[in-house]
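Input: a single structure, listed below in structure tokens.
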Amino acid sequence: MPESTHPLELRIQNLTKTYKNGVKALDGVSLVIPRGLYGLLGPNGAGKSTLMRTIATLQEPDAGTIRFGSIDVLAQKEEVRKLLGYLPQDFGVYPRVSAEDMLDHLALLKGLTQGKERREVVHAMLQRVNLWEHRRKALSGFSGGMRQRFGIAQALLANPRLLIVDEPTAGLDPGERNRFYNLLAEIGEDVVVILSTHIVQDVMELCRNMAIIHQGRVLFAGSPEAAVASLEDRVWARSVAREQVEEYRSRMAVISHKLVAGQPRIHVLADEAPEPGFFAVSADLEDVFFANIAGLRIN
């Protein structure tokens, strides 16, 4: 079907999933995810990984629909897998196999059956993720950052149109994290990339669109800039004693608290200074995230 009829976007409608232990991992999730980098932000246990595995055709929801362009994701799993690249949170590796041999094997499984073409793709991918010098090294000897780069290499084989990365920067040092970001940004020009994370800065730096998910529900969907603008001139801060934090929580809309120079500083949501001693601060995406998670009324 023509691109204009079915644009390259992922449409999720009323997705629900309850596990046998009674945990409701997805509770009526509806999202439209366009081309480019899309941040899925939420605390651990929010339902992000369940949503990612469902989109990646690795588990079934109880109800709801997912469409990718003209493809019914839940009914046409093989069609989806031809277009999918997936880097799960826990990417398993084969200890005594070299990076080059493992990537060659995975490329064969993805349908790259011509030997010469497959070698060219594998070599190009190893160079792209900065693993060429380590191509003959056993994966068991890789650092956390090298394993993540290998993970993204396998996810990018066969030029996916939909790429899912789940908590991708865990364990990466700052240099590796930046290289990973640059690679994701480059890929995101042409495909749908879903970045699932609990790190607010990841989303602010990379994504044009995002959603906040908590306890299986979508609390916000839109651009990071629009999210921050919703709190403009409404965030107030004050340093308090450690033993005062809960007392402030009991009578004010406390967004969060963190240590600054060893002393707790609270952020409060209010239309004007809650009391003397508070000063206005510029809202950021972290304020939006914690305000939503805390159930504070933003709009």
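The values are calculated or read from the model by the stated rules, or taken from the named source; none is laboratory data. Owing to the predicted nature of the structure, the values given are computational and were not obtained by experimental measurement. Cβ atoms come from the backbone with ideal geometry, glycine included; neighbour counts cover every protein chain shown.
Please determine, by comparing only the residues of the stretch 180-220 that are in a helix (DSSP H, G or I) and in contact with a Lys or Arg (Cβ under 8 Å, 6 or more places away or on another chain), which one is nearest to PRO160 (Cα to Cα).
Quick first cut of the stretch 180-220, residues in a helix (DSSP H, G or I) only: 180-187, 200-206.
If we keep only those that are in contact with a Lys or Arg (Cβ under 8 Å, 6 or more places away or on another chain) as well, we get 180, 183.
Values: PHE180: 17, LEU183: 14 Å.
Here the residue is LEU183.
Mind checking which residues of the stretch 14-71 are exposed (fewer than 15 other Cβ atoms within 10 Å of the Cβ), on the phi > 0 side of the Ramachandran plot and not in a strand (DSSP E or B)?
GLY22, GLY45
Kindly establish whether LEU112 is touching a helix residue (DSSP H, G or I) at 6+ places or on another chain (Cβ under 6 Å), in a loop (DSSP other than H, G, I, E, B) and aliphatic (A, V, I, L, M). Can you show your working first?
Numbers: touching a helix residue (DSSP H, G or I) at 6+ places or on another chain (Cβ under 6 Å): yes; in a loop (DSSP other than H, G, I, E, B): yes; aliphatic (A, V, I, L, M): yes.
Yes: the conditions hold for LEU112.
If you take the residues in the stretch 272-297 that are more than 16 Å from ARG238 (Cβ to Cβ) and more than 18 Å from the chain's Cα centre (by Cα), which one is surrounded by the fewest Cβ atoms within 10 Å (Cβ to Cβ)?
ARG297
I'd like to check something: does the stretch 169-181 contain any residue that is of a type in the set (Phe, Trp, Tyr) and modelled with pLDDT under 90? Walk me through how you get there before you give the answer.
Residues of the stretch 169-181 of a type in the set (Phe, Trp, Tyr): 180-181.
Next cut, modelled with pLDDT under 90 only: 180-181.
Yes.
Within the stretch 204-232, which residues are modelled with pLDDT of 90 or more, under 29 Å from LEU157 (Cβ atoms) and touching a helix residue (DSSP H, G or I) at 6+ places or on another chain (Cβ under 9 Å)?
CYS207, ARG208, ASN209, MET210, ILE213, listed by residue number.
Yes/no matrix, rows are residues, columns are (1) over 14 Å from the mean Cα position of the chain (by Cα); (2) under 17 Å from VAL192 (Cα atoms); (3) among the aromatic types (Phe, Trp, Tyr):
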site: THR18; (1), (2), (3): yes, no, no
site: VAL29; (1), (2), (3): yes, no, no
site: ARG35; (1), (2), (3): yes, yes, no
site: ARG53; (1), (2), (3): no, yes, no
site: ALA56; (1), (2), (3): no, yes, no
site: GLN59; (1), (2), (3): yes, no, no
site: ILE66; (1), (2), (3): yes, yes, no
site: SER70; (1), (2), (3): yes, yes, no
site: GLU78; (1), (2), (3): yes, no, no
